[in-house]
Amino acid sequence: RRVVFHNIGLKLFSLVMAVCLWAVVTQDRLEAHKTRAVEVRPRVVGRLASGFAITGVMADPARVEVTGPARRVDVVDSATTDPVDATGLLSQHTFTTSAYVSDPLVQVVNPQPVRVTVFVGKSSGGSE
């Protein structure tokens with residue numbers, strides 16, 4: 001009996017601290033999850049050949065579903081693709097890549113390859 005009540009204040013304080021830490025660490029796991037569709041925004045890098053410009057970019061699929069804690073999913077406005085390199089393109093080209101969300105607690109549902117088509121045409125200015 002003496003062991004139970006010895007330093008009871010310190011033991012109660014430790015118990016309260018442990019419960020508070022548990023609540024902070026598991027907060028996102030206890031929060032309701034949400035799934036919704038967001039736009040896929042292709043990321044195109046590189047320089048085209050002189051006299052050519054990107055006239056359009058298309059992602060297929062154009063939207064992906066993301067899931068995670070509701071308050072985190074609500075602020076996600078799009079998924080981004082891994083960069084595709086358009087260096088030296090002279091005409092339309094399709095790349096296969098992946099989409100992701102920068103928030104580590106929000107994930108793409110059932111990730112599939114994303115086809116990014118870069119449309120290229122002659123630039124009116126002569127160079128990019």
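Please treat every number below as a calculation from the coordinates, not as lab data. All values reported here derive from a predicted model rather than from experimental measurement. Cβ sites come from the backbone with ideal geometry, for glycine too, and all protein chains shown count toward neighbours.
Rounded to the nearest 5, the antiparallel percentage of DSSP beta bridges internal to the chain is 85%.
Between 0 and 90 degrees, the angle of helix 8-25 with respect to the longest Cα principal axis of the chain falls at about 20 degrees. Note on the chain: with charges restricted to the Cβ of Lys and Arg (+1) and Asp and Glu (-1), its dipole about the Cα centre is near 660 debye. The reciprocal of the average 1/r between distinct C-alpha atoms defines the Kirkwood hydrodynamic radius, which for the chain equals 18.3 Å.
Each peptide among 51-61, 114-124 gets the average number of other Cβ atoms lying within 10 Å of its residues, and from highest to lowest they stand as 114-124, 51-61. Distant-in-sequence amide contacts of residue 114, defined by a placed amide H-H separation under 5 Å and a gap of 5 or more residues or a different chain, comprise 97, 98, 99. Counting only DSSP H runs of at least 4 residues, each contributing -39500 (n - 2.57), and dividing by the residue count of the chain, the helix-based mean residue ellipticity at 222 nm comes to -6000 deg cm²/dmol.
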